[in-house]
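Here's the structure, in structure tokens; my notes come after.
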Amino acid sequence: MKVLVIGSGGREHALSWKIAQSKSLTELFIAPGNAGTAEVGTNVDISVNDFEKLGNFCLEKSIDMVVVGPEDPLVKGIYDYFQNSEELKNIAFIGPEKQAAMLEGSKEYAKEFMQRYAIPTAKFISVTKDNLEEGIKFLDTMTAPYVLKADGLAAGKGVLILDDLEETKNQLKAMLDGKFGEASHKVVIEEHLKGIELSVFVLTDGENYLILPEAKDYKRIGEGDTGLNTGGMGAITPVPFADKEFMTKVEEQIVKPTIHGLKNEELKYKGFIFIGLMNSDGTPKVIEYNVRMGDPESEVVIPKIKSDLLEIFKHVANNTLNKVTLEIEPKTSVTVMLVSGGYPEDYEKGKVVTGTENVTGSIVFHAGTKLENGKVVTNGGRVISVTTLGDSMKEALAVSYKNVELIQFEKKNYRKDIGFDL
Ligand code: AMP
Ligand code: GLY
């Protein structure tokens, strides 16, 4: 099979690394990819939102399957673009249609979906300038902290959690006035959930599903979970508190009704569902849906999958996921993200990366790199993720941290406490 993976982060390197090991693969392309994906396939210089060029490339190379990594092209309707073309519609496609991608693209849509299927989640109200008064009244009935979310995609920045009621009301108005652009012309106000967060990943063909290993991601830039939010500074699977009893609740109360909802609403969904959860004293509640894999969660979850991922994707495409038993490596998988100095605020790119060839016992996933005159240089905030599978979390982390020291680039930064809370 000839496969095109769309995206350029650590998630796409992990997906490509795994697909490259498939017995069914004949050729692998990544658009646009990074210096890491170039080691396992051929990078193609096309942006993730240039549907026309991506489609033409698929025709030119007779691509059999497209796997979409990031949310942006899904929310913009890449699935629909392929389906609406006579020439492209028979290409197997991993990723949901535009309407279903609203589960990530609109917080209001996601919350109303959860409400329709009685999926446990925080109480909420959706506000625009037209019903601002209702929003203010809702806030008056809540206790601090207050949660405000831009309805649309805001590159992970659209959520405010505030302690002061007056400040919250002012921020609500600022959001409706365009603090996050178009994305916050509608705002979801939510009850604040207490507990520990967890990410659950589901692969579905629209009817059947597989639950993949769960993961915990470390979102804050600073040690001890302090400082600004990032895309993720590290991840771990399995998560100790996600025991059988808890995961059974997740499957019965969240996964099954979610899949039922997709079917009931005739949403075309062949792909990953990433469910962000809060474990509130043993009760799982949904914080958000994402319509893709997580990053850096992919860098720990995908190496745990022993089965041939491309074979599984074929079952997704053929609606036969019920015929698959997923083989999972029992080890603990951890990843530590190396980031550019300054990230998640301003940072410089183009720093030469050295030493990855000295790494032993870990997998190096490139997140934000590119090749320049034969050299690997930094090309993003998150640069490289160092993954290790070990018999224990401690052992795996020790190997990742040893290897982290061997990789060099100017102003390299990373968190030294991944797993500190487990
Ligand atoms: P989201 O973009 O919805 O994932 O929100 C970003 C982060 O804000 C989440 O990962 C949580 O840490 C936090 N968060 C979002 N909604 C809530 C909530 N209702 N209660 C507590 N924390 C929340
Ligand atoms: N690591 C969180 C995300 O991928 O959205």
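Read the figures in this text as sums done on the coordinates, not as results from a lab. In this text, all values refer to a predicted model and were calculated from it rather than measured experimentally. Here Cβ is always computed from backbone atoms with ideal geometry, including for glycine, and neighbour counts include all displayed protein chains.
Placing unit charges on the Cβ atoms of the charged side chains and taking the dipole of the chain about its Cα centre, the candidate lying farthest along the positive direction among Val324, Ala101, Asn208 is Val324.
Subtracting the Cα-Cα distance from 0.36 nm times the residue separation, let me have the gained length for Thr325 to Ile211 in nm, one decimal. Working shown, then result.
Working: separation 114, 0.36 × 114 = 41.04 nm, distance 1.05 nm.
Result: 40.0 nm gained on full extension.
For segment 215-279 and segment 43-97, what is the centre-to-centre distance using only Cα atoms, to the nearest Å? Segment 215-279 and segment 43-97 have Cα centres separated by 26 Å. Residues Ile19, Ile287 in ascending order of nearby Cβ atoms (within 10 Å, fewest first): Ile287, Ile19. Using C-alpha pairs under 8 Å with a sequence gap of at least 6, the mean separation divided by the residue count of segment 77-223 gives a relative contact order of 20 percent. Remark: segment 254-302 carries a charge dipole of roughly 280 debye about the Cα centre, counting +1 on each Lys and Arg Cβ and -1 on each Asp and Glu Cβ. With one equal scatterer per alpha carbon and no solvent term, the Debye-computed log10 I(q)/I(0) for the chain at 0.09 1/Å reads -0.54.
Each part gets one Cα centre, and for segment 130-171 versus segment 303-358 those centres are 34 Å apart. Scaled against the 2.2 N^0.38 Å expected of a compact globular protein of N residues, the Cα radius of gyration of segment 225-334 reads 1.16.
Dividing the mean sequence gap of close Cα pairs (under 8 Å, 6+ apart) by how many residues the chain holds gives a relative contact order of 17 percent. Measuring between alpha carbons in the structure, the pairs from Lys157/Lys268; Lys244/Lys331; Lys18/Lys107; Lys149/Lys416; Lys76/Lys375; Lys2/Lys216 lying more than 24 angstrom apart are Lys157/Lys268; Lys18/Lys107; Lys149/Lys416; Lys76/Lys375; Lys2/Lys216. Inter-label distance, Asn358 to Asp50: 3.8 nm, where each label sits 7 Å from its Cα along the C-beta direction.
Got a sec? Which residues in segment 32-57 would a label at Ser85 touch, if it sits 7 Å along Cα→Cβ and we count backbone N under 11 Å? Zone members listed by number: 50-57. Mean sequence separation of contacting Cα pairs (under 8 Å, at least six apart), scaled by the length of segment 115-193, corresponds to a relative contact order of 42 percent.
Note: segment 1-103, Cα convex hull, 86 Å³ per residue.
Rounded to the nearest 20, the Cβ-based charge dipole of the chain about its Cα centre (Lys and Arg +1, Asp and Glu -1) stands at 520 debye. Bridgeable aspartates and glutamates around Lys263 (alpha carbons under 17 Å apart, same-chain partners fewer than 8 residues away excluded): Glu97, Glu112, Asp205, Glu207, Glu251, Glu252. Each label was represented as a point 7 Å from its Cα along the Cα-to-Cβ direction; for Glu395 and Glu27 these points are 4.3 nm apart.
So between Asp140 and Ala174, what do we pick up on full extension, going 0.36 nm a residue minus the alpha carbon distance?
Going from the current span to full extension adds 10.4 nm.
Highest mean packing comes first when the peptides 330-337, 102-109 are listed by Cβ atoms within 10 Å, giving 330-337, 102-109. Spin-label model, Thr283 to Glu311: label points 7 Å out along the Cα-to-beta-carbon direction sit 4.2 nm apart.
A protection proxy built from the mean count of other Cβ atoms within 10 Å ranks the segments 35-43, 404-412, 320-328, 294-302, most packed first, as 294-302, 35-43, 404-412, 320-328. The amide H of Lys2, built 1.01 Å from its N in the peptide plane, has Thr26, Glu27, Asp64, Met65 as neighbours under 5 Å, considering only residues 5 or more places off or on other chains.
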